Amino acid sequence: HALFAESINMIPSPGFETGMPEPWYVYHTGDYKVVGDPKSAHSGTYYSSFSWRKPPGRGAYSALWTGSRREEHRHFKVYPGVDYRIGIWAKGTGAFNMWVVNYSKSGRFMSTDFGKTRTLTDQWTRHERTWKPQEYIYGALLCLAVRDQTVAQFDDAEFSYDDEKFTPPESPSMQVVPAVEAVDATFKLYLNDKPFDSPARIFYGEQALAIE
């Protein structure tokens, strides 16, 4: 599953390891709990259990979200044209979908990308999809929508981007200036495998500096 070399996961508590239900959120209906059992979890100590419960009416559904749709600060910041990887380990009986709920820059609901239906088995299985926001989409939530009578266990969720290919504009950064003193020598300076002969902007994280 190594689609991305270096991925940044935007989901808070993706493996439910806080032992608390937040920030995952039941939308409409569903029986949700966090279970502490390292022998049964896919990894770590905790995993989630989510069971279908009959929705109250037409247009409603049984689903577990990565945050409340009414709280903009819960929305993942996403950018049009960037590839995102969505995945989760799951087991149980029944089936589910990994919906991506789309929002505008102002937080207005725009659309839902439903994806395909995934069948659960009694073994932990990795379910994965890629998603690319359309123009005007700058926010997203992951929604695990379960089908009738489904009883699911979820662990190790992912909503990530490849930080070798994309750096969000809000990432911390700084300006660096090349300054090397050399006596009776010529050299070339490289920053992240590119010639470093003028001021450059770098983002927080590991950088590679080389002298030739």
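Where a number appears in this text, it was derived from the coordinates with a stated rule and is not lab data. Predicted, not measured: the structure shown is a model, and the values here were computed from it. Note: ideal-geometry Cβ built from the backbone for every residue, glycine included; neighbour counts use all protein chains shown.
Close amide H partners of ASP163, meaning residues 5 or more places away or on another chain with modelled amide H under 5 Å apart, are GLU6, SER7, ILE8. A simple spin-label model places pseudo-atoms 7 Å from Cα toward Cβ; at PHE114 and ILE8 they are separated by 3.3 nm. Which of the lysines could a cross-linker span from LYS77 if the Cα-Cα distance has to be under 19 Å and same-chain partners fewer than 8 positions apart are dropped? Cα-Cα hits under 19 Å: LYS105, LYS132, LYS165. Stretched out straight at 0.36 nm per residue, the stretch from SER49 to GLU181 would grow longer than its current Cα-Cα span by 41.4 nm.
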